Each structure stands twice: as structure tokens, then as C-alpha cells.
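Contents: one structure, followed by commentary.
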Amino acid sequence: MTPEEVFLKLVHGVADRDFDALPALYAEQTDVRHPMNPYGDHPLLSRDALREHFGLNAPRVAGTIRFQPDNIRIHHTADPEVIVAEFDYAGTVIATGEPFTAPCVFVLRVRDGLIVESRDYIDHVAMSRARGQLDQLVANLKEPASAPAAS
């Protein structure tokens, strides 16, 4: 698969909550980071770490919001393994029907059809607001991060 095809499988898999299938998009050894995560950037360096990450996030998202990738713009770079993808996760809050949009930028390196490196920049405030977790986010910002959390 091309980097663009892998990216599309990733963001649609997240939106469709296909969390069990997502780790297969990554190499056994990888370097996935969320540099803007207010809960701390905890590198995910293996497929097993990603399996755990997606397993933790599934219940946090499942009952609170529905969303799909929207406004996708993929930029190819001079390096054929690397793309920069700008997009929004656009959706609704399940409890209220309120719409939300969370802008995102992913920088992916895909080798032999698998993600070997990724930098995921997501509007965590918009996602926390949509999930009804702004108070938790603010409380966390007052204390140093100690463990991986939702991204």
C-alpha cells in the first residue's frame, strides 16, 4: 500500500472504531508520537504498544462521540515514504447531537506498506470538549503527566 492508502485506512479505521485492525497498519518496531498531547507525549514504539493504546482509547470514545475524517488534504514530500495529511475529525456528541470539529495533521513515514514513524497533531481541546472531559483536561494540565492517556 502507498502512504496515502495507509493513512486513509488509519483515519477511517479510527472513525469506524475498528481498533482491533489498526495495529496491523504499523511495523513491529515503530515510533509514533503525539507531540501536542496535553496528557504527555508517550512514544509508542511497537505494534504491541499501539494495540494497547487503541484498546485503551476504544472505550473512551465509543459511547461519547461519532466522527469521520473530513476535508482531507494529503501533501507528498520529496521523500516517497513520507506524507503530510491535514484533515478534520468531524462529528457529533452522542448525548446532545452537538456537532464538533477537531483539526488534525499527521506526518507519516510508511515503508513496505506499514507505518514506521508518525507524528500526530490533534486538537485535544476540541476532542476533550466533545467527550465532555474538559474538567479532566484542565485538572491534568495542573499536574505533571505520569502515565499514557487518551490522544
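Might you work out the accessible area of Glu98 for me, using a 1.4 Å probe with all protein chains in place, and round it to the nearest 10 Å²? Looks like 100 Å² after rounding.
Seen against the Cα atoms of the chain and their longest principal axis, helix 47-62 is set at about 40 degrees.
Add +1 for every Lys or Arg and -1 for every Asp or Glu among the other residues with Cβ under 12 Å from the Cβ of Ile74, and state the total.
-2
Amide H contacts for Ile115 (H built 1.01 Å from N in the peptide plane; partners 5 or more residues away or on another chain; cut-off under 5 Å): Tyr26, Ala27. Note on Leu45/Asp79: beta-carbon distance plugged into 1/(1 + (r/R0)^6) with R0 of 25 Å gives a FRET efficiency of 0.75.
In this entry, the stretch 24-94 is assigned a mean projected area of 6.1 nm², taken as a quarter of its C-alpha convex hull surface. Per atom type, the chain shows carbon and sulfur on 53% of its accessible surface, probed at 1.4 Å. Calculated [222 nm] ellipticity per residue, helices only, for the chain: -9000 deg cm²/dmol; basis is -39500 (n - 2.57) per DSSP H run with n ≥ 4, divided by all residues, nearest 500. With all protein chains in place and ligands, DNA and RNA left out, the 1.4 Å accessible area ranks Thr30, Thr96, Thr64 as Thr96, Thr64, Thr30, largest first.
Where both bridge residues fall in the chain, DSSP classifies roughly 90% of the beta bridges as antiparallel. Among the protein heavy atoms, those of Lys142 account for about 150 Å² of accessible surface (1.4 Å probe, every chain in place).
For the chain, the solvent-accessible area works out to 52 Å² per residue, with a probe of 1.4 Å and every protein chain left in place.
Extending 7 Å from Cα along the Cβ direction at Met1 and again at Arg111 yields two label points whose distance is 1.8 nm.
Equivalent ellipsoid of the chain: semi-axes from √(5λ) of the C-alpha gyration tensor, largest first, are 24, 18, 14 Å.
7 Å from Cα along Cα→Cβ at both Lys142 and Thr92: what's the point-to-point distance in nm? Distance between the two pseudo-spin positions: 3.5 nm.
The values are calculated or read from the model by the stated rules, or taken from the named source; none is laboratory data. Keep in mind the model is a prediction, meaning the values are calculated, not measured. Here the Cβ is made from the backbone with ideal geometry for all residues, glycine too, and neighbour counts use every protein chain on show. Only protein heavy atoms, including side chains, enter the accessible area calculation; ligands, DNA and RNA are left aside. Shrake-Rupley method; radii C 1.70, N 1.55, O 1.52, S 1.80 Å.
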